[in-house]
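Colleague: Handing you this structure, nothing more for now.
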Amino acid sequence: MPQQYSAHAREFVEAYAFEDGILAAARGQAREVGLRPVSPSAGAALRMIAAAGGARAVVEIGTGTGVSGLYLLRGMRPDGVLTTIDVEAEHQRLARRMFGEAGFAPSRSRVITGRALDVLPRLADGVYDFVFVDHDVNEYAAAVTAALRLLRAGGVLVLGAALAGGRVAEPTVRDPDTVTLREVVKALRDADEWIPALLPTGDGLPRPVKRG
């Protein structure tokens with residue numbers, strides 16, 4: 001596809017995923033505190049994956065101001081619970097407010113403040129339908145290992161921003177973060193425990209499924 005058409009197609013895809021006032025507010029708060037949340041198209045993909053799988057128990061690593069959490073909650077079953085983890089309590093306070101303004105009862109989310117690598121070992125094995133990881137890329141590999149334990153057979157793992165703005169696909173780019181992401185994406189493709197897929201949505205969403 002010619003480059004100009006590719007850019008137009010990306011713009012169309014992002015605009016297609018309409019965001020209401022609550023999502024726009026959460027996205028605005030993310031910008032104010034210096035965060036880059038999932039794009040509208042990536043958020044729509046998260047919502048669709050949660051809905052298609054009838055997700056009831058979801059783990060989110062990287063709460064931010066609640067953008068991705070809102071998409072996940074809107075795709076989950078009405079009785080589902082989102083467990084969301086972040087080191088920034090202030091960001092989580094904003095996310096809680098957004099969840100409430102969107103009409104979700106406090107019981108629909110379990111907000112845990114702390115390092116993911118400290119919190120994840122406390123979560124139960126094999127009971128989660130969906131794990132979404134969107135935080136420090138240096139912890140992605142450990143998060144993938146944890147997700148394999150947490151997910152039920154057929155559960156889905158999604159990694160956010162895994163193409164790093166296209167740098168992962170360019171082998172000459174060798175900065176540490178890009179190399180780390182490239183290795184994680186390749187390991188997921190090659191691992192026997194996962195059925196791999198890579199969605200070219202947003203900034204790239206690997207979404208492997210745990211084998212039974």
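Colleague: Can you report the number of residues in the range 82-93 which are part of a helix (DSSP H, G or I), under 19 Å from Leu46 (Cβ atoms) and open to solvent by 20 Å² or more (accessible area, probe 1.4 Å)? Lay out the reasoning, then the answer.
Modeller: Filtering the range 82-93 down to residues part of a helix (DSSP H, G or I) leaves 89-93.
Narrowing the set further to residues that are under 19 Å from Leu46 (Cβ atoms) leaves 91-92.
Subset that is open to solvent by 20 Å² or more (accessible area, probe 1.4 Å): 91.
The total comes to 1.
Colleague: Collect the residues in the range 39-51 that are among the aliphatic types (A, V, I, L, M) and buried (at least 19 other Cβ atoms within 10 Å of the Cβ), keeping them in residue-number order. Quick ask: steps written out before the conclusion?
Modeller: Step one: of the range 39-51, the residues among the aliphatic types (A, V, I, L, M) are 42, 44-46, 48-51.
Result: Ala42, Ala44, Ala45, Leu46, Ile49, Ala50.
Colleague: I need the full set of residues from the range 23-38 which are among the hydrophobic types (A, V, I, L, M, F, W, C) and either surrounded by fewer than 17 Cβ atoms within 10 Å (Cβ to Cβ) or within 18 Å of Asp134 (Cβ to Cβ) (or both), in order please. Explain how you work it out, then say what you get.
Modeller: So in the range 23-38, the residues among the hydrophobic types (A, V, I, L, M, F, W, C) come out as 23-26, 30, 33, 35, 38.
Answer for the range 23-38, where residues must be among the hydrophobic types (A, V, I, L, M, F, W, C) and either surrounded by fewer than 17 Cβ atoms within 10 Å (Cβ to Cβ) or within 18 Å of Asp134 (Cβ to Cβ) (or both): Leu23, Ala24, Ala26, Ala30, Val33, Leu35, Val38.
Colleague: Which count do you get for residues in the range 31-42 that are assigned to a helix (DSSP H, G or I) and either charged (D, E, K, R) or under 20 Å from Arg110 (Cα atoms) (or both)? Give the steps one after another, and end with the answer.
Modeller: Step one: list which residues in the range 31-42 are assigned to a helix (DSSP H, G or I), which gives 31-32, 40-42.
Right, trim to either charged (D, E, K, R) or under 20 Å from Arg110 (Cα atoms) (or both) and you get 31-32.
Residues flagged as assigned to a helix (DSSP H, G or I) and either charged (D, E, K, R) or under 20 Å from Arg110 (Cα atoms) (or both) within the range 31-42 amount to 2.
Colleague: Turning to a different aspect of this structure: If you go through the range 52-67 one residue at a time, how many are outside any loop (DSSP other than H, G, I, E, B) and open to solvent by 10 Å² or more (accessible area, probe 1.4 Å)?
Modeller: So in the range 52-67, the residues outside any loop (DSSP other than H, G, I, E, B) come out as 52, 57-61, 67.
Applying the additional criterion that residues be open to solvent by 10 Å² or more (accessible area, probe 1.4 Å) yields 52, 57.
Result for the range 52-67: 2.
Colleague: Let me ask you something else. Of all residues in the range 16-42, how many are small (Gly, Ala, Ser), touching a residue at least 12 places away in the same chain (Cβ under 8 Å) and more than 19 Å from Gly160 (Cβ to Cβ)?
Modeller: At the first step, the residues of the range 16-42 found to be small (Gly, Ala, Ser) are 17, 21, 24-26, 28, 30, 34, 39, 41-42.
Next, from what is left, pick out any that are touching a residue at least 12 places away in the same chain (Cβ under 8 Å): 17, 25-26, 30, 39, 41-42.
Now narrow it down to the ones that are more than 19 Å from Gly160 (Cβ to Cβ): 25.
Result for the range 16-42: 1.
Colleague: Right, here's the next one. Which residues, counting only those in the range 106-115, are part of a loop (DSSP other than H, G, I, E, B) and open to solvent by 50 Å² or more (accessible area, probe 1.4 Å)? Spell out the reasoning first.
Modeller: Within the range 106-115, the first condition is being part of a loop (DSSP other than H, G, I, E, B), and the residues that meet it are 114-115.
Arg115 - this is the single residue of the range 106-115 that is part of a loop (DSSP other than H, G, I, E, B) and open to solvent by 50 Å² or more (accessible area, probe 1.4 Å).
Colleague: Please find, within the range 146-168, the residue that is nearest to the chain's Cα centre (by Cα) out of those that are in a helix (DSSP H, G or I) and surrounded by 14 or more Cβ atoms within 10 Å (Cβ to Cβ). Steps first, answer last, please.
Modeller: Of all residues in the range 146-168, those in a helix (DSSP H, G or I) come to 146-150, 164-168.
Restricting the remaining residues to those that are surrounded by 14 or more Cβ atoms within 10 Å (Cβ to Cβ) gives 146-150, 164, 167-168.
Details: Ala146: 15, Ala147: 12, Leu148: 16, Arg149: 18, Leu150: 15, Ala164: 14, Arg167: 19, Val168: 18 Å.
Only one residue tops the list, namely Ala147.
Colleague: Return only the number of the condition from (1) assigned to a strand (DSSP E or B); (2) in contact with a Phe, Trp or Tyr (Cβ under 6 Å, 6 or more places away or on another chain) that Leu188 does not satisfy.
Modeller: Just one mismatch for Leu188, condition (1).
Colleague: If you don't mind, there's one more thing I want to ask. Can you run down the residue pairs with Cβ atoms below 6 Å, 6 or more apart or on separate chains, where the first is in the range 106-126 and charged (D, E, K, R) and the partner is open to solvent by less than 30 Å² (accessible area, probe 1.4 Å)?
Modeller: Arg110/Thr83
Colleague: Just to check your reading of the model, which residue among Asp79, Asp118 is open to solvent by 10 Å² or more (accessible area, probe 1.4 Å) and either in a loop (DSSP other than H, G, I, E, B) or aromatic (Phe, Trp, Tyr) (or both)?
Modeller: After applying the criteria, what remains is Asp79.
The values are calculated or read from the model by the stated rules, or taken from the named source; none is laboratory data. Since we're looking at a predicted model, the values are computed, not measured. Note: ideal-geometry Cβ built from the backbone for every residue, glycine included; neighbour counts use all protein chains shown. Protein only, heavy atoms only, side chains kept; ligands, DNA and RNA dropped before computing areas. Shrake-Rupley method; radii C 1.70, N 1.55, O 1.52, S 1.80 Å.
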